[in-house]
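Asker: Take a look at the following structure, please.
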Amino acid sequence: MVPKQLMDIIRLPRLFRFLQKPLAQFISVVRAPKSKEGYASIGGGSPLRQITDAQAEALRKALCDKDIPAKVYVGMRYWHPFTEEAIEQIKRDGITKLVVLPLYPQFSISTSGSSLRLLEGIFREDEYLVNMQHTVIPSWYQREGYIKAMATLIEKELSTFSEPQKVMIFFSAHGVPLAYVEEAGDPYKAEMEECVDLIMEELEKRGITNSCTLAYQSRVGPVEWLKPYTDETIIELGQKGVKSLLAVPISFVSEHIETLEEIDVEYKELALESGIEHWGRVPALGCEPTFITDLADAVIESLPYVGAMAVSNLEARQPLVPLGSVEELLAAYDSKRDELPPPVTVWEWGWTKSAETWNGRAAMLAVLALLVLEVTTGEGFLHQWGILPLFR
């Protein structure tokens, strides 16, 4: 199975679109050994499913405590239980009203937006779902409970340092391709920056005035992503004489490979090599009580919107999300559900201000040439390794 995330990120010109799936498969095969090594370093598997199930149960109990006897379902894009599986269970249970709650605090086209597209397609094709009353909570990074929960975790970890006031608070967020923000109007960067400001304001109310910075991790492929990059920023901080660093996984609410391996292993090692002497990391929110209670409040506050926009209205090209700011965003970039813009426009030639963009174009063209040669001749090392037949 070709990873859908790679298919979303790596987009080729229309002329070469037939090679997009082989290219994504090729990159996933090349990355497989590194991914396997990463999972091995955290015990052989990710705890994401277990933590998400625990969050769902905690949310159900919190809603019940508030006299809302709701059922809570877990649906994932890239592993079991898939969104489609969750929807089938919802149908079997006879659910008629639905609140969709993405576990992404900040909205992005590539995360929440991608999931909404999938839901829209499922709803359109299913007679049972076509009249399902529903609403979507598109993002919740600005909610008071979430902000206070994050501030509390940061405050607790700062107290473990011998000199807490000298610690740099380092927010590390999952990156997205730069083109999504600059060309498609993705609000992710703006929401992320506002989220950091809100957390720092809450810390300041508690007498904590440490300096902070924000960077983006987990970039994939030879394309330009949101900057500054986490690894480059860590090196720069070390060069500037920062000795104590507290990493905060700002866009993650559960522990998984990007926190347990990428941050805890790779970035910690890089920090120590760069001259940073004291390293700490704030845990992901998980089932932190203030966080779960706030999610329950968010669900309850959304209930008046359930049914405000029937799914059948999608035939008139109305957005799935019935909330103001996000509705306007989706209408602007996705009114016709076109494909997302390519992170790098590989057919534009000439020097740019970004060497990474230029190098990405050259690398992508080289890979394209290799794939074209293999497809047309039926020979080459991809066939010999048994990779290319996977595409047929």
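Read-outs throughout are calculated quantities, based only on the coordinates presented, and are distinct from any laboratory measurement. Note that the structure is a prediction, hence the values are computed from the model and not measured. Backbone-built Cβ (ideal geometry, glycine too); neighbour counts: all protein chains shown.
Asker: Which of rounded, prolate or oblate describes segment 134-204 when judged by the alpha-carbon gyration tensor and an a/c cut-off of 1.5?
Answerer: oblate
Asker: What shape does segment 144-281 take by its C-alpha gyration tensor, where a ≥ b ≥ c are the square roots of the eigenvalues and a/c under 1.5 counts as rounded, a/b above b/c as prolate, and the rest as oblate?
Answerer: Judged from the Cα gyration tensor, segment 144-281 comes out oblate (a/c at least 1.5, b/c at or above a/b).
Asker: How many Lys pairs in segment 144-281 lie less than 20 angstrom apart by Cα atoms, where the lysines are 8 or more positions apart or on different chains?
Answerer: Going through segment 144-281 pair by pair, I get 15.
Asker: Now for a different question. Can you tell me the length gained on complete extension of the stretch K61 to S162, counting 0.36 nm per residue apart and subtracting the Cα distance?
Answerer: 32.5 nm
Asker: To continue, here is another question. If you take the C-alpha gyration tensor of segment 171-233, multiply each eigenvalue by 5 and take the square root, what semi-axes do you get, largest first, in whole Å?
Answerer: So the three semi-axes of segment 171-233 are 26, 14, 6 Å.
Asker: Continuing with this model, one more query. Is any residue of segment 100-131 close enough, with backbone N under 13 Å, to a label point placed 7 angstrom from the Cα of I68 along the Cα-Cβ axis, and if so, which?
Answerer: Correct set: 100-102.
Asker: Pop the C-beta distance of E155 and V372 into the FRET formula with R0 = 51 Å and round what comes out to the nearest 0.05.
Answerer: 0.35
Asker: Let me ask something else about it. With labels modelled as points extended 7 Å from the Cα through the Cβ direction, what inter-label distance (nm, one decimal) is found for N131 paired with A190?
Answerer: Those two pseudo-labels are separated by 3.9 nm.
Asker: Going by a ≥ b ≥ c, the root eigenvalues of the Cα gyration tensor, does segment 54-164 fall in the rounded group (a/c under 1.5), the prolate group (a/b larger than b/c) or the oblate group?
Answerer: Because a/c hits 1.5 or more and a/b exceeds b/c, segment 54-164 counts as prolate.
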